[in-house]
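What follows is a short report on a single structure.
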């Protein structure tokens with residue numbers, strides 16, 4: 001919305017001439033209709049209308065100052081907005097604004113372009129290039145002139161087109177703003193404008209990735225689940241606090257309401273990374289796969305290029321190594337998982353991060369040298385956290401967790417190995433031998 005703010009701030013000097021104020025258009029489902037402009041705008045898939053309140057908040061203004069919330073715009077308002085629509089995935093947007101042109105005699109196309117150029121160039125930190133388009137275009141019931149803009153601001157180059165005409169004392173402007181790396185073109189956006197007599201297309205079906213159609217539970221707490229439905233709706237939350245949402249995808253881009261994520265699925269693990277808050281990442285396990293996670297002693301599974309075999313499992317009141325003896329805190333027990341780890345790949349690999357959770361809560365690993373680690377790591381007399389493991393190398397070691405006695409009483413342990421560098425994970429649920 002950067003250019004949106006800039007362009008609404010740019011204006012011609014207005015006066016209080018007696019003029020006929022414009023009438024705002026209205027949204028009906030996915031279609032914006034303006035009788036005043038003689039046209040409609042049809043929302044393409046992935047786009048949404050921006051509310052008056054959100055526009056006012058963006059401009060740090062009030063709806064009243066912009067003529068919002070009124071069908072007829074008061075004649076003492078020099079600049080009013082009609083509508084804003086935005087691509088949820090890219091930020092590309094369309095805006096319609098009305099501005100008093102400040103006199104009884106309509107300004108020329110050249111004067112409008114000159115005025116906008118002067119205003120933009122006067123702003124600090126903004127480099128602007130403007131190119132006039134000589135031929136008029138027909139949108140709805142009127143002819144429109146236009147010019148293209150390239151604005152460098154905050155390290156970004158934002159492309160746009162201003163489409164305008166003059167009618168009864170007002171300059172009417174349609175602004176199309178393309179964000180960097182957006183595959184859409186201005187011509188693509190223009191195809192969504194139709195005349196009042198043109199047939200209205202049906203709402204576009206939400207584009208949703210079929211591989212997400214399922215129930216997914218959070219790897220850190222299986223009670224928190226996501227459910228994605230094929231109709232673009234879904235639910236999420238803990239069992240006692242479920243909320244509904246709408247979602248859609250474009251490639252690996254996932255929109256959940258106004259939240260923007262990048263998603264990846266590897267096997268039965270869904271990883272989502274926030275595109276709005278760097279470093280915010282969550283992993284979820286397919287519910288249908290979770291039911292098959294109970295392993296017996298001796299079971300072997302594959303984690304990336306590693307072959308993992310659980311050789312023994314016990315729950316005990318104390319744990320000893322050759323140099324240390326450990327006593328758990330009051331009310332706790334130790335869960336000891338013995339296992340082997342083999343690099344089955346053809347190249348040396350680095351185990352970037354091995355997070356282990358015990359029964360959906362963080363557990364503390366007791367390291368052989370007497371230290372505790374959390375997040376925890378696998379080891380065999382040495383830490384493998386960040387270690388390079390040669391192709392064909394075979395390691396034998398154990399994981400020791402301090403867990404609450406209520407968990408120990410079940411005789412079961414759930415834990416997960418996850419490579420944070422690749423977003424992959426494998427989960428284990430094992431049972432103590434009778």
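The values are calculated or read from the model by the stated rules, or taken from the named source; none is laboratory data. The model shown is predicted, which means the values in this text are computed figures rather than measured ones. Ideal geometry is used to build each Cβ from the backbone, glycine not excepted, and the neighbour counts take in all protein chains shown.
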Please work out if residue 298 is surrounded by fewer than 17 Cβ atoms within 10 Å (Cβ to Cβ), in the same structural domain as residue 332 (by TED's automatic domain parsing) and at positive phi. yes
Checked pairs for the stretch 95-108, first at positive phi and outside the structural domain of residue 21 (by TED's automatic domain parsing), second modelled with pLDDT of 80 or more and not in a loop (DSSP other than H, G, I, E, B), C-beta under 7 Å and 6 or more apart or across chains, list as none
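One line per residue, one yes/no per condition, for (1) more than 32 Å from the chain's Cα centre (by Cα); (2) buried (at least 16 other Cβ atoms within 10 Å of the Cβ); (3) modelled with pLDDT of 65 or more; (4) not assigned by TED's automatic domain parsing to the domain that holds residue 94:
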position	(1), (2), (3), (4)
6	no, yes, no, no
12	yes, yes, no, no
30	no, yes, yes, no
52	no, yes, yes, no
58	no, no, yes, no
64	no, no, no, no
As an exercise: evaluate residue 94 against (1) modelled with pLDDT of 65 or more; (2) touching a helix residue (DSSP H, G or I) at 6+ places or on another chain (Cβ under 8 Å); (3) in a loop (DSSP other than H, G, I, E, B) and give the number of the one condition it does not meet. (3)
How many residues does the stretch 195-216 contain that are surrounded by 14 or more Cβ atoms within 10 Å (Cβ to Cβ) and part of a strand (DSSP E or B)? 3
Single residue of 263, 282, 313 found to be surrounded by 15 or more Cβ atoms within 10 Å (Cβ to Cβ), out of contact with any helix residue (DSSP H, G or I) (no Cβ under 6 Å at 6 or more places or on another chain) and in the same structural domain as residue 392 (by TED's automatic domain parsing): 313
Would you point out which residue out of 386, 421, 381, 392 is modelled with pLDDT under 70, more than 34 Å from the chain's Cα centre (by Cα) and surrounded by fewer than 15 Cβ atoms within 10 Å (Cβ to Cβ)? 381
Show the residue pairs that are 6+ apart or on different chains and have beta-carbon atoms under 6 Å apart, the first residue being within the stretch 152-177 and in the same structural domain as residue 120 (by TED's automatic domain parsing), the second being outside any strand (DSSP E or B) and at pLDDT 90 or above. 161/186; 176/186; 176/189
